[in-house]
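Engineer: Could you have a look at this structure, given as structure tokens, before my questions?
The values are calculated or read from the model by the stated rules, or taken from the named source; none is laboratory data. Predicted, not measured: the structure shown is a model, and the values here were computed from it. When we count neighbours, we look across all protein chains shown, and the Cβ atoms used for this are built from the backbone with ideal geometry, even at glycine. Areas reflect the complete protein model, heavy atoms only, side chains present, ligands, DNA and RNA absent. Shrake-Rupley method; radii C 1.70, N 1.55, O 1.52, S 1.80 Å.
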Amino acid sequence: MKLFSFLSLVLLTACTSIKSQGPEFTSPPNVLLIVIDDQGYADYSPFDHYNGEAQTVHMARLAKSGTIYTQAYVTAPVCSPSRVGFLTGKNQFRWDGPASWGPGLPDSVKTIAEYLQENGYATARIGKSDLGRNFHAKYDKREYPLRHGYEEFLGFNAHAHDFWLHSTSMRERTPDPYGTSAVLGPLLHNEGEKSYEEGYLTDILTNEAIDYIGKRSEKDQPYFLTLAYNSVHHLIHEVPQKYLDLYEVEPIDNYDPSDSLKFLHHAAGSYSAYYDKYSRLGAINQEAMRKYYLANLHCLDDNIGRLLDAMENGDQYENTMIIFVSDNGGSPLTGADNAPLTGGKYALWEGGIRVPMAVKWPGQKKGGLVEERVVSTLDLLPSIAKVAGVKLDDPTIDGRLLSEPDSDRLLVWKWQKTWAVRKGDWKLTNTNENHWKSEPSAQYVEPIRDDLSLKLFNLSVDPGERNDLSEAMPDKVQELQQAYDLWCDANLNKY
Ligand SMILES: [Ca+2]
């Protein structure tokens, strides 16, 4: 009873306060969108299910001064499609038939950066871009940030970038600097490049963001900055020594194309081989991987603290909307913890699509609010547009206002051969655990239902998706299946 009363009180308080957020900011506010890569649901301290291990004291500052969303969903369980989803406010599988890694960005689909740029905002993107296509084609492609609304860009376009190796000279010495899906070498900078002889990427991106925000404070123009860290994505072990020491884990040598011993050690001597070797459990065991993950996340948290300090010391903090969100669920294969959710990155179990999210609204007077109703990163575009005073006139936008969540909302997902639908407390999905099960990582992933049959869960009492009710409740299965089919019939290929 006590717990129920407390939760009801929190929810009631949250609803009341969120409703009153609208008119209290001075217009137009700045918008800072901080995107984390692959953070676990249990690795965010403001959540009830926080595991007590992850150091996120600075990420939690956004909860203290803002609102946390305990049922925030992304539109895909991996980077590229999820990012396209929240950048456009549309389920990316509207146009991406295979519903896979390469949705790309059609010319006809507008991004939040374009909406804001057209309405007088200065726009910049720092860090990872990754919209699933044209990773290395650069500059003239729609997927390049300068071609979809960002006036400035410093970062990279692939799934991953080495945390340490950012120099032109390193790229020239490396036989395959683009690896499989990772990059090594200088960062892309507008229509050129920027080479760094030293430095850690999380620090570099933070420094650049602080520099950008400082410069903007002298101008009479609001800004929209997307700061997309590659932390805590593999290569998870690449962390400054002082954080490795905190978690008592040994360093692993950086990739070095000139070292013949490492050449043998890394089997093929290529960056691709190095990347593949350390990108998941196997060469690094489970205990050590968790430590690398915690160290990597701790460093990220300190950097977010540095960024927030700089903003609080400026005069624009109050008038800035700050969004903090992970692009997909954590990956147990790189040390993340999604408990009590099932699965993780790469699958439509809750662990793959329910993510840490917090928003400090511009002018928000009362922080520490908890929104427990279902929201989606699809809602970021309409919500940002609203606070920026931008009018939207596009019926194919799937998002709605974060400030007006609906407990009975229909959400749909399509990911490769799998799909899922949520309405109210109920979720129907055919997902399975078929992701990355090749040895040696398979031994670390507990199989749940390794088939594409339909499974039904009541998430209000079973967020861990352990009690499949599909046989007991065939009518509910049919209802949700129909809802999903109807949505697809009405919306696929319309965008
Ligand atoms: Ca990701």
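Engineer: With a cut-off of at most 12 other beta carbons within 10 Å, and DSSP calling the residue loop, which GluC sites (Glu not before Pro) in region 222-328 qualify? Please list them.
Structural biologist: Counting only loop positions with at most 12 other Cβ atoms within 10 Å, the GluC sites (Glu not before Pro) in region 222-328 are Glu248.
Engineer: Just flag the chymotrypsin sites (Phe, Trp or Tyr not before Pro) in region 143-204 sitting in loop per DSSP whose Cβ has no more than 16 other Cβ atoms within 10 Å.
Structural biologist: Listed in order of number, the matching sites are Tyr178.
Engineer: Remind me, relative contact order of region 203-311 in percent, using alpha carbon pairs under 8 angstrom and six or more residues apart?
Structural biologist: 39
Engineer: Counting only heavy atoms of the protein chains, get the accessible area per residue of the chain (1.4 Å probe) and round it to a whole Å² value.
Structural biologist: 38
Engineer: Which longest run of the chain has no exposed loop site in it, a site being trypsin sites (Lys or Arg not before Pro) in a DSSP loop with at most 12 other beta carbons within 10 Å, and the site itself not part of the run?
Structural biologist: Longest gap between qualifying sites, sites excluded: 1-218.
Engineer: On a full-extension model of 0.36 nm per residue, what is the gain between Gln241 and Ser169, subtracting their alpha-carbon distance, rounded to one decimal in nm?
Structural biologist: Value of the extension gain: 23.6 nm.
Engineer: How much length, in nm to one decimal, is gained on full extension between Ser453 and Asn190, taken as 0.36 nm per residue of separation minus their Cα-Cα distance?
Structural biologist: 90.0 nm
Engineer: Please find the FRET efficiency linking Ser258 to Gln481, where r is the Cβ-Cβ separation and R0 is fixed at 51 Å, and quote it to the nearest 0.05.
Structural biologist: With a Förster radius of 51 Å, E is 0.35.
Engineer: Follow-up. Counting alpha carbon pairs within less than 8 Å and at least 6 residues apart, what relative contact order, in whole percent, applies to the chain?
Structural biologist: 24
Engineer: Same structure, new question: At a 1.4 Å probe, what is the % contribution of carbon and sulfur to the accessible area of region 25-402?
Structural biologist: 48
Engineer: Can you flag which of Lys277/Lys360; Lys110/Lys219; Lys215/Lys365; Lys128/Lys386; Lys386/Lys494; Lys90/Lys219 are past 29 Å Cα-Cα?
Structural biologist: Lys277/Lys360; Lys90/Lys219
Engineer: A further question follows. Report the gain in length on full extension from His49 to Lys386: 0.36 nm times residue separation, minus Cα-Cα distance, nm rounded to one decimal.
Structural biologist: Working it through step by step, the gained length comes to 118.2 nm.
Engineer: For Asp220 paired with Asn493, estimate the spin-label separation in nm (one decimal), with each label point 7 Å from Cα along the Cα-to-Cβ line.
Structural biologist: Here the modelled spin labels are 5.2 nm apart.
Engineer: Please list the non-local residues whose amide H lies under 5 Å from the amide H of Ile36, H modeled 1.01 Å from N, same-chain partners needing a gap of 5 or more.
Structural biologist: Those qualifying (amide H under 5 Å, at least 5 residues apart or on another chain) are Val325, Ser326, Asp327.
Engineer: If you count the DSSP beta bridges with both ends in the chain, what percent of them are antiparallel, to the nearest 5?
Structural biologist: Antiparallel bridges: around 45 percent, rounded to the nearest 5.
Engineer: Using Cα positions and a limit of under 15 Å, work out the aspartates and glutamates in reach of Lys476, with same-chain residues fewer than 8 apart set aside.
Structural biologist: Once the sequence-local aspartates and glutamates are set aside, what remains near Lys476 is Asp408, Asp425, Asp468, Asp485.
Engineer: Across region 25-402, how large is the tail of the calculated P(r) beyond 38 Å, expressed as a percent of all Cα pairs?
Structural biologist: Cα-Cα pairs in region 25-402 separated by more than 38 Å: 12 percent.
Engineer: Which translational diffusion coefficient, to the nearest whole µm²/s, is obtained for region 185-239 from the Stokes-Einstein equation, given a Kirkwood hydrodynamic radius over C-alpha pairs, 20 °C and 1.002 mPa s?
Structural biologist: 164
Engineer: Roughly what would the spin-label model give for Asn285 and Asp211, points 7 Å off Cα along C-beta, in nm?
Structural biologist: With each label placed 7 Å out from Cα toward Cβ, I get 4.3 nm.
Engineer: Which of the DSSP-defined H helices in the chain satisfy a minimum axial length of 15 Å, computed from C-alpha atoms, and a minimum mean Kyte-Doolittle hydropathy of 0.0?
Structural biologist: TM-like helix candidates: 2-19.
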